[in-house]
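Peer 1: Quick one: this structure, given as C-alpha cells, is what I'll be asking you about.
Computed from the coordinates by the stated procedures, all read-outs in this text should not be read as laboratory data. Note that the structure is predicted; figures quoted are calculated from it, not measured. Here the Cβ is made from the backbone with ideal geometry for all residues, glycine too, and neighbour counts use every protein chain on show.
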Amino acid sequence: MNPDHVQQVLEERARALARAPDDQADGDEIELVVLTVGAERYGIDVRLIREVRPLAGLAPVPGTPDHWAGLINLRGSLCPVLSLGRYLRLVGGGPDDAAEDGSGVLVVVTAPFTAALLVDAAAEVRRCPPAALRALGPADDRSHAAVKSVTGDLLQVLDPAILLADPALVVGREAGEPRR
C-alpha cells in the first residue's frame, strides 16, 4: 500500500471521528437529571449536582420547619436535607415518610450552598437542546418561582440557586426579616 494513500485514509478517519454526531451537532445541549416527586417531574442541570444517593442516616432536627427533613453526614460534613415534596406543597407528593422507612433519594446540589434534596427518584439524565426549553415568567408562589423553564413534555427545569435562596428556608428567623 502506498504511504500517501495510508495517510489519506487516516486523515479521513480522523475527520469522521472528530465530527459531532448528527443529534449533537450544535454542541449546546444541556444535560438534566430528571427527578420525580410524587406525580411531578423536575430537571436540574447535571453540572450543579454533586451526587445522587439513597437516603441513609437522616437525623431530624427538632424545631425546624416541616420542609427540612433533617441532616445527613456527607463524608464528615453535615448537610441539610430539603424535602422537595413538602417544600413545593405537592399534594400526595414526595417521600414524606422517608425518615421512617429509609426510602427516598438524595440529590446533592451545590448552588448557592451544598444541600440535599429529598425526592422519590432520580430517573435519568436527559440531553435537551436550549431551543426546546420554554422560559417562564416570574411566579408569585414558591412552588413555581424556582422553575426557570419547561420542556415540550412538561419537564419542569429547576434553578437550585433560586430554590435555595428562598428566605422561607432560613431557620431561626421569620421569612422576610433582615439578617443581623
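Peer 1: Students often check this: by mean Cβ neighbours within 10 Å, which of 149-155, 118-124 ranks highest, and how do the rest follow? Could you put the intermediate results ahead of the total?
Peer 2: Values: 149-155: 13.9, 118-124: 19.4.
In descending order of packing, they fall as 118-124, 149-155.
Peer 1: Continuing with the same structure: What is the distance, in nm, between label points placed 7 Å from the Cα along the Cα-to-Cβ direction at D153 and at L136?
Peer 2: 1.9
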